[in-house]
Every structure is written in C-alpha cells, then in structure tokens.
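This report refers to the structure that appears directly beneath it.
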Amino acid sequence: MRRLAVLLTVATLAVIGAVPARAAAPTYVAVGDSYTAGPFGQLNAALAAQAGSAGAAFVDTYAPSIGHDACQLPGTRWVEPVLPLAPAAPVHPNAMGMAGMAAAVLQALR
C-alpha cells in the first residue's frame, strides 16, 4: 500500500538557556535562571509520548536549538527575546529558528 502522508510532531525550541551574568539580550529573568528548561522538557516528553502512541514520528528541535536561545546575540539566537530585534513575535522563533526547525523536519523525512 502506498503511503500518502507522514505524520510528524515537532518539539519546542530552547527558549531561555541559563541566563549569564550579562545576557546578550534583555531577558527579564534572573541571572542563572533556566526555569523554562523543566517545563519545555516536560512538554517535549509529552509530545514525544503522544506522537509515539499515535504512530507519528517525533522531531526533536529542542536539542539543536540549545545555544540559540533568546539570551544569545542576534545572528545566533533562534528565538527572539521579549523585545524582539528581528521580525518575529516576542519569545517565538525568528527566521533562523524556523530554518533550524525546517532542517530537523527535513532530516526526519529522509
């Protein structure tokens, strides 16, 4: 039987890494705080479990986005901070983030 579609579930990106003493961008979180890692890790684990139970492939975009969080400088970050400098909604992927996610999806389809 010919396969007509592939069902993929895509993870979230790393939004905020551990905030250094002097972050490259205003993050409005405390120095050393990485509170989003826990909830986003739990969300990605739940997405992976649900994808598996539905017969979908899970695409991990979190791991490749580590080091490209909103605390990084423009040109490195895949997620814009609360006050974005690139055309993107606050705390959402910018064009580099979308390209990084697309690369992970394309790799999963190969």
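Each reported figure results from applying straightforward, stated rules to the coordinates on display, with no laboratory input. Note that the coordinates shown come from a computational prediction; the quantities given were computed from them, not determined experimentally. No Cβ is skipped: glycine too gets one built from the backbone with ideal geometry, and neighbour counts run over all protein chains shown.
Below are the figures for this structure:
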{"read-out": "Single residue of Thr76, Thr61 found to be among the polar types (S, T, N, Q) and closer than 20 Å to Asn44 by Cβ", "value": "Thr61"}
{"read-out": "Residues satisfying the stated conditions in region 91-106, i.e. over 12 Å from Ile16 (Cα atoms) and without any contact (Cβ under 8 Å) to a residue 24 or more places away in the chain", "value": "Asn94, Ala95, Met98, Ala99, Ala102, Leu106"}
{"read-out": "Region 49-73 - residue that is assigned to a loop (DSSP other than H, G, I, E, B) and of a type in the set (Val, Ile, Thr) and, of those, farthest from Leu85 (Cα to Cα)", "value": "Thr61"}
{"read-out": "Tally, over region 36-47, of residues that are assigned to a helix (DSSP H, G or I) and buried (at least 17 other Cβ atoms within 10 Å of the Cβ)", "value": "4"}
